[in-house]
1. Of the trypsin sites (Lys or Arg not before Pro) in the range 1-47, which ones lie in a loop per DSSP and count no more than 16 other C-beta atoms within 10 Å?
2. At 0.36 nm per residue, minus the direct Cα-Cα distance, what do Leu70 and Ala91 gain on full extension? Give it in nm, one decimal, please.
3. Binning at 5 angstrom from zero up to the longest distance, how are the C-alpha pair distances of the chain distributed in percent?
4. Given the C-alpha centroids of the range 30-49 and the range 62-94, what is the distance between them in whole angstrom?
5. Take the Cα gyration tensor of the range 24-85, multiply each eigenvalue by 5, square-root it, and list the three semi-axes largest first, rounded to whole angstrom.
6. How compact is the range 52-106 by the rule of thumb for globular proteins, expressed as Cα Rg over 2.2 N^0.38 Å?
7. Determine the calculated [θ] at 222 nm for the chain from helices alone, applying -39500 (n - 2.57) to every DSSP H run no shorter than 4 residues and normalising by the residue count; nearest 500 deg cm²/dmol.
8. Which ³J(HN,Hα) values, rounded to whole Hz and listed in residue order, are derived for the range 14-27 from phi using the Karplus coefficients 6.51, -1.76 and 1.60 in 6.51 cos²θ - 1.76 cosθ + 1.60 with θ = phi - 60°, glycine and proline given as x?
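Just so it is clear, none of the values below were taken in a lab; they were calculated from the coordinates. Keep in mind it's a predicted model, so treat the numbers as computed, not measured. Glycine gets a Cβ as well: all are built from the backbone with ideal geometry, and neighbour counts include every protein chain shown.
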Amino acid sequence: MSRTEFILTTAIILFVAFALGWFANWLLHRFTRVRQSDVADLDRMSQELHEAEETRDQAITYLQQREAELTNQLNQTEAELRAAMDGLREARHEAEELRIQLHGAG
């Protein structure tokens, strides 16, 4: 192999290596590049997620308040029912006593 052939072979090998490196670099950037529209979509989705979380938190707070109100209302109604039942029991007892007095006196 003469000196000219050696230089030519080395030049071709270096050019092929350069071309392969450039092509690999191009492929890498082609597949890892983030498009602006993708970034905009991600921003929009993150904003929508944030709004959905806020809505969920508001709904949870509302439901907790409503549950507390209903529990309070239920407790009051049960207390009123107990009072009414006690009053009815006393009225029945008094009515029975009056009946006994009326039958005993008559």
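1. On the way: sites: Arg3, Arg30, Arg33, Arg35, Arg44; in loops: Arg33, Arg35.
Answer in residue order: Arg33, Arg35.
2. Details: separation 21, 0.36 × 21 = 7.56 nm, distance 3.08 nm.
So the chain would gain 4.5 nm between Leu70 and Ala91.
3. Whole-percent P(r) values from 0 Å outward: 2, 9, 5, 6, 5, 6, 5, 5, 5, 4, 5, 4, 4, 4, 4, 3, 3, 3, 3, 2, 2, 2, 2, 2, 1, 1, 1, 1, 0, 0, 0.
4. First find each Cα centre; the distance between them is then 57 Å.
5. Numbers: eigenvalues 687, 17, 4 Å².
So the three semi-axes of the range 24-85 are 59, 9, 4 Å.
6. Numbers: Rg = 23.5 Å, N = 55, 2.2 N^0.38 = 10.1 Å.
For the range 52-106, the normalised Cα radius of gyration comes out at 2.33.
7. On the way: 2 runs with 100 residues, N = 106.
Taking each H run of at least 4 residues, the total per residue is -35500 deg cm²/dmol.
8. Along the range 14-27, the couplings run 5, 5, 5, 4, 4, 5, 5, x, 4, 5, 5, 5, 4, 4 Hz.
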